[in-house]
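Data first, discussion second: the structure below is written as structure tokens.
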Amino acid sequence: MEAAFTPSPVMRPVDQVRVSIVRAIASGQLRPGDRLPSEVEQARGFQVSRAAVREALRTLGEMGLLTTVQGRGGGSFVNSVGPDPIARNLGEAMDVLLHLDAINIAELLEARRALEGVCARLAAERRSAAHLREIDDVMVAARDPGLSTEAWLGLDVRFHRAVATSAENRVLMVPLSALPAIVQPRLNEAIRPLIVRDDIDAEHGAILAAIRDRDAAAATAAVERHIDTLESLYRRVGVL
């Protein structure tokens with residue numbers, strides 16, 4: 001009996017180009033600032049169409065790995081690699097999924113509990129004096145009574161990002177940057193009339209105090225209380 005097997009290419013042409021460039025960046029063969037060969041040269045080298053090369057460069061640009069400059073002296077250049085572009089893309093994807101009801105706020109809160117709880121625990125164990133100064137600077141600015149609500153909400157996002165940075169885990173930074181920076185502003189808008197800034201500032205202060213004291217259990221508990229507050233507000237406005 002003949003097996004039900006259909007041979008297929010190992011990799012699509014566009015994926016071949018994309019993966020090859022990513023591997024070259026990861027290995028150091030391509031460094032920040034390096035200019036890639038032209039589309040024609042790459043198409044010839046990879047033995048693919050220029051359209052495949054163009055599509056691969058476009059997606060790598062969207063990931064933040066490359067910058068394409070038009071005109072004379074232009075081309076595709078390697079960016080400094082970091083988690084920010086990937087976190088931004090992930091956050092935007094989650095925002096779209098939230099709009100489409102493919103994920104819901106209950107799932108986002110559950111993810112925040114898990115991720116931020118771990119992050120706060122690690123921050124309590126690993127934070128440096130510089131980390132503490134960064135978090136404290138955000139909190140001092142947030143307590144300004146003359147601050148607009150928009151500016152305060154921006155500082156709320158910065159607070160959670162600073163705590164995530166203190167955990168010194170670059171893998172955790174990707175989802176933890178995505179959730180507060182992209183998704184959270186839209187959720188904050190839903191509960192905006194109910195937010196009591198002094199209460200949230202106090203909860204942030206408890207998280208900072210536990211991190212400063214290197215008390216991992218207290219830091220995790222402080223995050224839990226903070227998420228409990230947000231969950232209560234979401235329930236009051238009917239989005240949860």
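The values are calculated or read from the model by the stated rules, or taken from the named source; none is laboratory data. If you're wondering where the values come from, they're calculated on a predicted model, not measured in any experiment. Because the Cβ atoms are built from the backbone with ideal geometry, glycine has one as well, and the counts that use them run over all protein chains shown. Surface accessibility is based on the protein's heavy atoms, side chains included, excluding ligands, DNA and RNA. Shrake-Rupley method; radii C 1.70, N 1.55, O 1.52, S 1.80 Å.
Largest first and in whole Å, the equivalent-ellipsoid semi-axes of the range 79-212 read 22, 20, 14, each the square root of five times a Cα gyration tensor eigenvalue. Taking a ≥ b ≥ c as the square roots of the eigenvalues of the Cα gyration tensor, an a/c ratio of 1.5 or more together with a/b larger than b/c marks the chain as prolate.
Compared with the dominant Cα axis of the chain, that is its longest principal axis, helix 84-99 is turned about 70°.
Between amide H atoms placed 1.01 Å from N, distances below 5 Å from LEU66 occur with GLY61, ASN79, all of them 5 or more places distant or on a separate chain. Nearest 10 degrees, 0 to 90: what angle lies between the long axis of helix 50-62 and the longest principal axis of the chain (Cα atoms)? The angle comes out at about 10 degrees. Measuring nothing but protein heavy atoms, the accessible surface of the range 165-240 at 1.4 Å probe radius is 52 percent carbon and sulfur. The accessible area of SER232, taken with all protein chains in place and a 1.4 Å probe, comes to roughly 60 Å². In the context of the full set of protein chains, the range 124-195 has a per residue accessible area of 47 Å² (1.4 Å probe). When the chain is treated as a Gaussian network with alpha carbon springs shorter than 10 Å, the biggest mean-square fluctuation among GLY117, GLY33, GLY205 belongs to GLY33. Stokes-Einstein at 20 °C, 1.002 mPa s, Kirkwood radius from Cα pairs: D for the range 11-81 in µm² s⁻¹? Using the Kirkwood radius from Cα pairs, D works out to 179 µm²/s. The angle between the Cα long axis of helix 13-27 and the main principal axis of the chain comes to about 60°, on a 0 to 90 degree scale. Using the alpha carbons alone, the radius of gyration of the range 85-146 stands to its Kirkwood radius in an Rg to Rh ratio of 1.10. When the Gaussian network model of the chain links Cα atoms closer than 10 Å, the mean-square fluctuations of ARG31, ARG44, ARG72 top out at ARG72. Working note: 222 nm ellipticity from helices only, DSSP H runs with n ≥ 4, each -39,500 (n - 2.57), summed and divided by the residues of the chain, gives -22000 deg cm²/dmol to the nearest 500.
Per-residue accessible area (protein heavy atoms, 1.4 Å probe) orders GLU62, GLU203, GLU110 as GLU110, GLU62, GLU203, starting from the largest.
Structure remark: mean-square fluctuation, Gaussian network model of the chain, C-alpha springs under 10 Å; the largest value among ASP95, ASP201, ASP144 belongs to ASP144.
Per-peptide packing, taken as the mean over residues of other Cβ atoms within 10 Å, places 169-178, 98-107 in the sequence 169-178, 98-107 from highest down.
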